[in-house]
Amino acid sequence: MLKAIPYRYRVLALLCSLATLTYLDRICISIVGVRVKDEFHLNNEQFGWVLASFALAYALFEIPSGALGDRIGPRAVFIRIVLAWSFFTALTGLTTGLVSLIIIRFLFGIGESGTYPNSLIVVSRWFPANETGRALTWVGLGQQIGSAIAPLIIVPLAVSYGWRMPFFVNAAIGIVWILICAVWFKNFPSEMKNISEAEKQKIESGCRHNKQQHLIPLKYIFRNSTVWSLMFMYFCLQWANYFFVAWMPVYLQEGRHFSEEQAKRVIFFVFVAGMVGLLAGGFTADWFVRNKGLRFGRRFTGMTGIGMSGVLIFLTAFIHQNNIAAITLVAANACYGFCVMSSYAVCNDIARNNSGTVTGAMNFFGQAGAFFLAIVFGNIVQATNNFNYPLFVVAFVLAIGFLLWLLIDPLKQLNIPENVEKAST
């Protein structure tokens, strides 16, 4: 049965499971956030700094981790990433107060940085160009799967054994993943045992990775105007994502007065909707790229998703009925899912062999957006005692991201100066 599955799809399953684990770990602190705040007597401003410390570290180390994957291959970087985050996830369960929590979450962010740039490197090496959209969709699905199953695992563990236990369980799962990656995964199809010659030829003749193309220094990458537009757009888009992942569980319980059990159900459906949005976005983007061209396909998917997500988050702030507010949040994350992988697809479109570095740069700006969202959200709530006011700010930032898509051109590939190419040979 397993032998009938092409090797590249088995690699994709590994990437999907990695994305699932990252978000299972990442959202854990938010799902138990009310319990942590109560035990350590944290206000919303202080909890915002706990959430922001992860995003800050992730941002600072994203570009180096992506560039490292371009140079030494993603396999070694993956092992480093999961080993580090498993260690610091376990340490989160041993924290004693605000200071230790901020320090450990910062170190956790360092450990997890580079996951998605290196996942994109794998996609560029293991999949023909016409399968890139589908592959990226499954990586994105892993994020939503991890976030959706997280409350189903974390809430029962927290209720039965306390809020610290989920962190120990998540760390153990990470160790299992490391063993599988170390024993089985390889950087290139040519290094993988038992892969058929036909599949290897199909991948190597059609993938975006080009062995004749050389890595480009950062200063030349940042001369590309699409790279800058993409980075600033992703800064805006991650305000939505980090609201859903970091603040929404607390928003539901303290802002909307849902019980922990009710919040668990809403969180589950929010991220299931994200899966639906990702599948719809991948299908829609592929159809428009085939029929309307690459530029229109990427922009249509990106602008539709980020625009509608902003509108729905804006409406949520006005809605008094909790059930209707939950529905708009579900729909808003579906729209986020619809557009997010178009950002990564553009990285692949313009960067090729430098996809890890460009994705790292984009994610640096995205995590910078997450950092500011975490701080701004907590400070507004602390100052106004109102959990809906920050949603207006999130919607405004998403509107800016909507407009930035007009400046993103996936046809504008990175330029390689001849002297740079010759020097790197």
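The values are calculated or read from the model by the stated rules, or taken from the named source; none is laboratory data. Keep in mind that this is a model prediction, so the values were computed, not measured. No Cβ is skipped: glycine too gets one built from the backbone with ideal geometry, and neighbour counts run over all protein chains shown.
Criterion first (farther than 19 Å from Gly297 by Cβ and either within 20 Å of the chain's Cα centre (by Cα) or among the polar types (S, T, N, Q) (or both)) does Ala383 satisfy it?
Considered against the rule, which asks whether it is farther than 19 Å from Gly297 by Cβ and either within 20 Å of the chain's Cα centre (by Cα) or among the polar types (S, T, N, Q) (or both), Ala383 comes out as no.
Using the structure shown, decide if Gln382 is more than 17 Å from Ile221 (Cα to Cα) and at pLDDT 95 or above. Spelling it out, Gln382 is indeed more than 17 Å from Ile221 (Cα to Cα) and at pLDDT 95 or above.
Sort out which residues of segment 378-402 are farther than 17 Å from Tyr336 by Cβ and part of a helix (DSSP H, G or I), and write them in order of number. Answer for segment 378-402, where residues must be farther than 17 Å from Tyr336 by Cβ and part of a helix (DSSP H, G or I): Gly378, Asn379, Ile380, Val381, Gln382, Ala383, Thr384, Tyr389, Phe392. Of the residues making up segment 264-295, those that are among the hydrophobic types (A, V, I, L, M, F, W, C) and without any contact (Cβ under 8 Å) to a residue 24 or more places away in the chain are Phe283, Trp287, Phe288. Whether any residue in segment 361-371 is more than 21 Å from Ala399 (Cβ to Cβ) and either over 16 Å from the mean Cα position of the chain (by Cα) or of a type in the set (Phe, Trp, Tyr) (or both) is what I want to check. Within segment 361-371, one or more residues are more than 21 Å from Ala399 (Cβ to Cβ) and either over 16 Å from the mean Cα position of the chain (by Cα) or of a type in the set (Phe, Trp, Tyr) (or both). Selection over segment 225-270 of residues that are closer than 20 Å to Gly109 by Cα and β-branched (Val, Ile, Thr) gives a count of 1. Only one of the listed residues (Ser160, Ser100, Ser113, Ser147) is more than 30 Å from Glu45 (Cβ to Cβ) and either among the polar types (S, T, N, Q) or over 15 Å from the mean Cα position of the chain (by Cα) (or both). That residue is Ser160.
May I ask you to say which residue of Ala325, Ala395 is crowded, with 18+ Cβ neighbours inside 10 Å, more than 21 Å from Cys236 (Cβ to Cβ), at pLDDT 95 or above and touching a helix residue (DSSP H, G or I) at 6+ places or on another chain (Cβ under 9 Å)?
Ala325
Taking segment 152-172 as the range and being touching a Pro at 6+ places or on another chain (Cβ under 8 Å) and crowded, with 24+ Cβ neighbours inside 10 Å as the test, only Ile154 passes.
Is it true that Arg26 is in a helix (DSSP H, G or I) and surrounded by fewer than 19 Cβ atoms within 10 Å (Cβ to Cβ)? Here the answer is no, as Arg26 does not meet what is asked. Only residues that are part of a helix (DSSP H, G or I) and surrounded by fewer than 21 Cβ atoms within 10 Å (Cβ to Cβ) were counted across segment 68-105, and they come to 16. The helices (runs of 4 or more DSSP H) falling completely within segment 123-215 that include 3 or more residues that are of a type outside the set (A, V, I, L, M, F, W, C), modelled with pLDDT under 85 and within 21 Å of Tyr344 (Cβ to Cβ) map to 132-161. Residues in segment 49-108 that are of a type in the set (Phe, Trp, Tyr) and closer than 22 Å to Arg35 by Cβ: Trp49, Phe54, Trp85, Phe88, Phe106, Phe108. Taking each residue of segment 244-258 that is touching a residue at least 60 places away in the same chain (Cβ under 8 Å) and looking for partners that are part of a helix (DSSP H, G or I) and acidic (Asp, Glu) with beta-carbon atoms closer than 7 Å, six or more apart or interchain, yields Gln253/Glu260. Step by step: first the residues of segment 110-122, then only those that are among the polar types (S, T, N, Q) and part of a helix (DSSP H, G or I), then the one that is nearest to Ser53 (Cα to Cα). Which residue is that? So, considering only residues that are among the polar types (S, T, N, Q) and part of a helix (DSSP H, G or I), the one nearest to Ser53 (Cα to Cα) is Thr115. Of the residues making up segment 65-97, those that are of a type in the set (A, V, I, L, M), within 19 Å of the chain's Cα centre (by Cα) and closer than 18 Å to Val176 by Cβ number 5. In a residue-by-residue description of segment 39-50, the property of being charged (D, E, K, R), out of contact with any Ser or Thr (no Cβ under 7 Å at 6 or more places or on another chain), in contact (Cβ under 8 Å) with a residue 60 or more places away in the chain and within 23 Å of Val169 (Cα to Cα) applies to at least one position.
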